[in-house]
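J.: Sharing a structure below in structure tokens format, with a few things to ask.
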Amino acid sequence: MRRLTILIAAATLLATQTPVAAWAAAQQPSKPVAASFYTGKWYEIARTPNSGQRDCQAPTTEFTGKGANGFSVHQICRKGSAAGAEKVFDTTGQIVSGTQNAKFKMSFLGGLKKQEYWVLDRADDQSWAIMATPGGNFVWLLSRKPVMDATAKAAALARVKALGYAKLEYPQQPPA
């Protein structure tokens, strides 16, 4: 009986941590990415639901170049609304060599944990990008502007869904 309880608890934990639609690995990046991708501010337009960003509104990620292939990352999440209290996270990252800048790793908890991310696709003018984890569990649609042009947003979201990510949430952003 104790073993059954442990198995049920483990299955429940796994079911709540991994989106059902994302069991397959992410597709490989479709285009090279300019090094300038890793500079400046990106606004999060859509994402797969995840426990790390629960109730996170107006999320932004700002990259600052740091050496040949490295960068620092400053992320802000506002709790509850686009005007809510800031939660700030700072870390570092490194472009994975041999990937045409389309893959990078970020360090967390002082380097104890590393996570790789892939830029699956992007606008030709780099005004938006689709970023995901290699396992296919999580995806983010990022934009250089807090509010995307309706046509560009529709095209980017269609691409996200074509990549296999159907369940998305849309965090609030401040008005343009």
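The values are calculated or read from the model by the stated rules, or taken from the named source; none is laboratory data. Keep in mind it's a predicted model, so treat the numbers as computed, not measured. Virtual Cβ from ideal backbone geometry, glycine too; neighbours counted across all protein chains shown. Just the protein is used for accessible areas: all its heavy atoms, side chains included, with ligands, DNA and RNA removed. Shrake-Rupley method; radii C 1.70, N 1.55, O 1.52, S 1.80 Å.
J.: Angle, helix 2-17 long axis vs. longest principal axis of the chain, Cα atoms, 0 to 90°, nearest 10?
T.: 20
J.: Note down the magnitude of the dipole of the stretch 41-97 about its Cα centre, charges +1 on Lys and Arg C-beta and -1 on Asp and Glu C-beta and zero elsewhere, to the nearest 20 debye. Intermediate results must be reported in sequence, preceding the final value.
T.: Values: 7 positive and 5 negative charges, 15 e Å.
The calculation lands at about 80 debye.
J.: With a 10 Å cut-off between alpha carbons and a GNM built on the chain, which of R159, R122, R54 moves the most?
T.: R54
J.: Please compute the length gained on full extension between D55 and L109, using 0.36 nm multiplied by the number of residues separating them and subtracting their Cα-Cα distance.
T.: Gain on extension, D55 to L109, equals 17.3 nm.
J.: Helix 150-162 sits at what angle to the longest principal axis of the chain, using alpha carbons and giving 0 to 90 degrees rounded to 10?
T.: With rounding to tens, the tilt is 40 degrees.
J.: I would also like to ask the following. Just checking my list (1) 0.96; (2) 0.99; (3) 1.12 against Rg/Rh (Cα atoms, Kirkwood Rh) computed from this structure; which label fits?
T.: (2)
J.: Let me spell out the model: positive unit charges on the Cβ of Lys and Arg, negative unit charges on the Cβ of Asp and Glu, origin at the Cα centre of the chain. What dipole size does that give, in debye rounded to 20? Intermediate results must be reported in sequence, preceding the final value.
T.: Numbers: 21 positive and 11 negative charges, 89 e Å.
Result for the chain is approximately 420 debye, rounded to the nearest 20.
J.: Ok, one more. For the stretch 54-88 and the stretch 113-158, what is the centre-to-centre distance using only Cα atoms, to the nearest Å?
T.: 15
J.: From the helices alone, meaning DSSP H stretches of at least four residues, give me the mean residue ellipticity at 222 nm for the chain, per-run term -39500 (n - 2.57), in deg cm²/dmol to the nearest 500. Mind showing how you got there, number by number?
T.: Values: 2 runs with 29 residues, N = 176.
Helix-only estimate at 222 nm: -5500 deg cm²/dmol.
J.: Additional query: For L120, list long-range residues whose amide hydrogen, built 1.01 Å from N in the peptide plane, is under 5 Å from its own amide hydrogen.
T.: Answer set, sorted by chain and number: I130, M131, A132.
J.: If each Cα of the stretch 17-112 is one equal point scatterer, what is log10 of I(q)/I(0) from the Debye formula at q = 0.18 Å⁻¹?
T.: For the requested q values the scattering log ratios are -1.04.
J.: Looking at G135, G70, G40, which one has the Cα that reaches farthest to the positive end of the dipole of the chain (charges on Cβ: Lys, Arg +1; Asp, Glu -1)?
T.: Checking the options against the dipole of the chain, the answer is G135.
J.: Right, next: Pairs K105/K145; K41/K87; K66/K105; K31/K103: which are spaced more than 18 Å apart, C-alpha to C-alpha? Display every interim value, and only then the final one.
T.: Numbers: K105/K145 24 Å; K41/K87 16 Å; K66/K105 14 Å; K31/K103 11 Å.
Correct reply: K105/K145.
J.: Could you pull the accessible area for E116 with a 1.4 Å probe, rounded to 10 Å²?
T.: 50
J.: Follow-up. If R₀ is 22 angstrom, what is the calculated FRET efficiency for the pair T91 and A155, using the beta carbon separation as r and rounding to 0.05? Show your work: numbers first, answer last.
T.: Numbers: r = 30 Å, r/R0 = 1.38.
Efficiency, from the Cβ-Cβ distance: 0.10.
J.: If you place +1 on the Cβ of every Lys and Arg and -1 on the Cβ of every Asp and Glu, how big does the dipole about the Cα centre of the stretch 119-160 come out, in debye to the nearest 20? Could you put the intermediate results ahead of the total?
T.: Numbers: 5 positive and 4 negative charges, 22 e Å.
Result for the stretch 119-160 is approximately 100 debye, rounded to the nearest 20.
J.: How large, in percent, is the carbon and sulfur part of the accessible surface of the chain at a probe radius of 1.4 Å?
T.: Numbers: 5670 of 9750 Å².
It is 58 percent, rounded to a whole number.
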